[in-house]
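Notes follow the structure.
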Amino acid sequence: MSNIYLGYHFKVEPKELGSEILIAELGELPFESFVESEFGVTAYIQKQLWNEHILDELFILQSPEFAISYTIEEIEQVNWNEEWEKNFEPIDVDGKCHVRAPFHPKTNAEFDIVIEPKMSFGTGHHETTHMMIQHLLEMDVRGMKTLDMGCGTAILAILAEMKGAGPIDAIDIDNWCYLNSIENAQRNNCTQIAVYEGDATLLKGKNYDLIIANINRNILLADMQSYVDCLNPNGVLLLSGFYNEDIPAIDDCCTTKGLTFVKKHERNNWVSLKYVN
């Protein structure tokens, strides 16, 4: 029996910023895939995971800064790859890193990454992934033992290997992400990436020179001690998945654990922070 899905068709104003925030919030709920539309975004959820109050706690729906309306339709057997292929455009980050789908032509970019995300998060379109790519492009990561925590599509682990990092652990709690990360690592001929399904409990007894964590504010705060415990002396911690207004809480958590702030990237109120141990 096939899964029945509900499609939420959101009309969002202002579209760009509102859609990004909406997708981030819906991503904390059991919504599995998102497709940008002319007026906003369509989000899909399995009907069996849905309830009539599922949107009640969304911050953006209560915010006077955004006008959001939506309709709902029942959909059976969504072809996720077809939906994604119709909407996916290649991404260029600072002229150095090109992120594309298998059906896009190869470019002459220094780092050419092929990603087929299916239902996983992390194509490079989202501000947080884009900024983490920028951090990695700026760094010399050769020989650095690396962790990509909440790896999504493993795009950041793949870029780290392309830049000479290794060995690399890529971890995600979501089974879709775990399977998709394995596929994408193979697709990009990576040999240094080991993918694991799980959470921060897998980090016990591990140690890294570089930790990449693009998750969300609450999980970062909850798991920060685990990251610090396995970060080598002079190791680097890259964080993203939160907004400008979250910086005080994140920074306080990091600095009280002995980390030193180095640099910030910002895109459309999303931020990415770099710390050293």
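Rounded to the nearest 500, what is the 222 nm mean residue ellipticity of the chain from helices alone, with -39500 (n - 2.57) per DSSP H run of 4+ residues and division by all residues?
On the way: 8 runs with 80 residues, N = 277.
Helix contribution divided over all residues of the chain: -8500 deg cm²/dmol.
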If a/c stays under 1.5 just call it rounded; otherwise compare a/b with b/c (prolate if a/b is bigger, oblate if not). Do that for the range 133-277, with a ≥ b ≥ c from the square roots of the Cα gyration tensor eigenvalues. rounded
Sequence-distant residues sharing a close amide H with GLY235 (under 5 Å, placed H): ASN277
Collect residues whose amide H, placed 1.01 Å from N in the peptide plane, falls under 5 Å from the amide H of GLY241; neighbours closer than 5 in sequence don't count. VAL271
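Tell me the volume per residue, in Å³, of the convex hull enclosing the alpha carbons of the range 217-277. Could you put the intermediate results ahead of the total?
Numbers: hull volume 4.0 nm³, N = 61.
Cα-based convex hull of the range 217-277, divided per residue, equals 65 Å³.
Taking DSSP loops as anything outside H, G, I, E and B, show the longest stretch in the chain free of trypsin sites (Lys or Arg not before Pro) there with at most 11 other beta carbons within 10 Å. Spell out each step's value before the answer.
Values: sites that count: LYS106, ARG142, LYS204.
The longest uninterrupted stretch comes out as 1-105.
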Net charge near LYS204 (other residues with Cβ under 14 Å of its Cβ; Lys, Arg +1; Asp, Glu -1) is -3
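Throughout, read-outs are computed from the coordinates displayed, never taken from laboratory work. Keep in mind it's a predicted model, so treat the numbers as computed, not measured. Don't worry about glycine lacking a Cβ; one is built from the backbone with ideal geometry, like all the others, and counts go over all protein chains shown.
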